[in-house]
Amino acid sequence: MTRRKLVVGNWKMNGLKRDLGEVRAIGAAAAAHPGVDVALCPPFTLIADAVAASPGLVIGAQDCHAADSGPHTGNISAPMLVEAGARTVIVGHSERRADQFETSQDAWAKAAAAHRHGLHVIVCCGETEAEHDAGRAERVVQAQIEKSVPDEAAPDWFTLAYEPRWAIGTGRTPSIEAINAMHAIARAKLKQLVGGEAARGIRILYGGSVTGANAGDIFAASDVDGGLIGGASLTAAKFVPIIEAAAALG
């Protein structure tokens, strides 16, 4: 089964209206490479403006609440994201697991809520440096997938992202062999959860210090279907070469 490459930019807590020019430039690059799926997840405050700035670009969110509404001060629900124009959402990101103490069960509930409202869902998994050094990466990632992925996950609305936490924003990147091996482990776990046909179609992204210089090698690995990009997605100058690297792989 051929899976289209997907490149997703996660702006994290960065971005003001003055940065909408970057959104337009990234949208133009995405349009120039129709063989690659591209999405951009700015902060909540920029979602509607980003949609208006680049209507053809898939704009997403970085999180959502599991409830549709209620007494949840400071949170954003899936219906709110849809109304703002978002089409995809990231849940279970390692920074939310670490900083907001979110669990895999939280990620599962958020993924289910987002899907219920028609959003494409990207669920993140990945081990810490201590877990990696202790040889526990495989077990940790398998457990996160088992507890975070909805049973009905399917290629048309679900994507998995593997991000070793120790590689995010550090400039440290695992070897291509190590990345592909972990992606293969993740796909095998998906097969157990959702069945072989769905698991073969679900895209698995790699995240963690991806740049224009290393993206081509990473994306060429057989079980890597694109990237979830953090800092390098903040400007078109850095993000577009990553899109081009994905496009070059057809």
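Values in this text are rule-based calculations from the coordinates and carry no lab data. Computed from a predicted model, the values in this text were never measured in an experiment. With ideal geometry, Cβ positions are generated from the backbone for all residues, glycine too; neighbour counts draw on all protein chains shown.
Scanning the range 152-169 turns up at least one residue that is under 23 Å from Gly15 (Cβ atoms) and in a strand (DSSP E or B). Among the residues of the range 224-250, those identified as buried (at least 17 other Cβ atoms within 10 Å of the Cβ) and either assigned to a loop (DSSP other than H, G, I, E, B) or β-branched (Val, Ile, Thr) (or both) are Val224, Asp225, Ile229, Gly230, Leu234, Val240, Ile242, Ile243. Summed over the range 93-119, the residues that are assigned to a loop (DSSP other than H, G, I, E, B) and over 16 Å from Leu81 (Cβ atoms) give a count of 4. Screening the range 173-223 for residues that are charged (D, E, K, R) and within 18 Å of Ala143 (Cα to Cα) and picking the one that is surrounded by the fewest Cβ atoms within 10 Å (Cβ to Cβ) gives Lys191.
All but one of (1) farther than 15 Å from Ala61 by Cα; (2) surrounded by fewer than 20 Cβ atoms within 10 Å (Cβ to Cβ) hold for Glu95; which doesn't? Of the numbered conditions (1) farther than 15 Å from Ala61 by Cα; (2) surrounded by fewer than 20 Cβ atoms within 10 Å (Cβ to Cβ), the odd one out for Glu95 is (1). Considering the range 125-172, and only residues there that are in contact with a helix residue (DSSP H, G or I) (Cβ under 6 Å, 6 or more places away or on another chain) and of a type in the set (Lys, Arg), the residue that is surrounded by the most Cβ atoms within 10 Å (Cβ to Cβ) turns out to be Arg165.
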